[in-house]
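Undergrad: Quick one: the structure is below, and I'll ask about it shortly.
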Amino acid sequence: METTSRVGAQAPAADGAAQAVPSARRTVDGYLLAPFPWYGLDEAFTGPRWLMQVGTAADGAVEHGSIGHGDEPSVRAEGSYGNGDKERFAVVVTIAANPVRRSADGTGVLEATSVSSAAWLAGVGLLAFTWPGQMDHSLRDDWLDQQTETAWVLADDLRGSDWSTLSLPVDGVPTSFHYRESEYGWVLAGSTEGGVHLGAYGRGMSAYGLGFSVIKDIAEYAG
């Protein structure tokens, strides 16, 4: 992925317990520091919305963040859904469309972000809420490492056979997204005219009927 760095676009924490408690990280402060607009599902979605977390680049600047919609997901076993099978959620990841640039201290170079960055962040985000039912708890970290690397490889080949194309509205404008499904849910990624890349992932909600729009006041999401 020539324009994407896993340092420049850090994934959500792989710790399932931390990911499963969005209320513990509902602070709007980081979102307010972002120099780019945040996106969420458009007004057609009337369910709950909630803050998740922001990520920073090596120079400390806010570079991406996630907004949740629907049921707050919990980590659950794939293939052993139980009550988790009723969870319906979609998470929108906004990532700044940054070019290659110098770090703040001038000692290094921060690689550019791209649609592949958004695809990888979305793929890893979905994995954070998934746990293969046949796997022992002690092996989950190894599984996450392997699946994270797989998500990276897939994001690096958006023109590959694992991806299809899906057109969805962004601020009312039809926009092309890369889209894929797996046993864990779906992932999509694309770019906007507002200077950001968008990623999204979900389960229980169809991606085909979604639309995205700029969040006018992110402070309203603080819970």
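The values are calculated or read from the model by the stated rules, or taken from the named source; none is laboratory data. Values in this document were obtained by computation on a predicted structure and should not be read as measured data. With ideal geometry, Cβ positions are generated from the backbone for all residues, glycine too; neighbour counts draw on all protein chains shown.
Undergrad: Identify all residues within the range 115-156 that are aliphatic (A, V, I, L, M), more than 25 Å from V54 (Cβ to Cβ) and at pLDDT below 75; write none if there are none. Outline the logic, then answer.
TA: The first filter runs over the range 115-156 and keeps only residues aliphatic (A, V, I, L, M), leaving 115, 118-119, 121-122, 124, 126-128, 135, 139, 144, 151, 153-155.
From the residues that got through so far, the ones that are more than 25 Å from V54 (Cβ to Cβ) too are 135, 139, 153.
Across the range 115-156, the qualifying residues are M135, L139.
Undergrad: Among the residues of the range 163-206, how many are surrounded by 16 or more Cβ atoms within 10 Å (Cβ to Cβ), more than 26 Å from E72 (Cα to Cα) and touching a Lys or Arg at 6+ places or on another chain (Cβ under 8 Å)?
TA: Adding up the residues that qualify gives 1.
Undergrad: Can I ask one more? Scan the range 46-58 and tell me whether some residue there is modelled with pLDDT of 90 or more and among the charged types (D, E, K, R).
TA: yes
Undergrad: Please tell me if R159 is free of Cβ contacts under 8 Å to residues at least 60 places away in the same chain and touching an Asp or Glu at 6+ places or on another chain (Cβ under 6 Å).
TA: no
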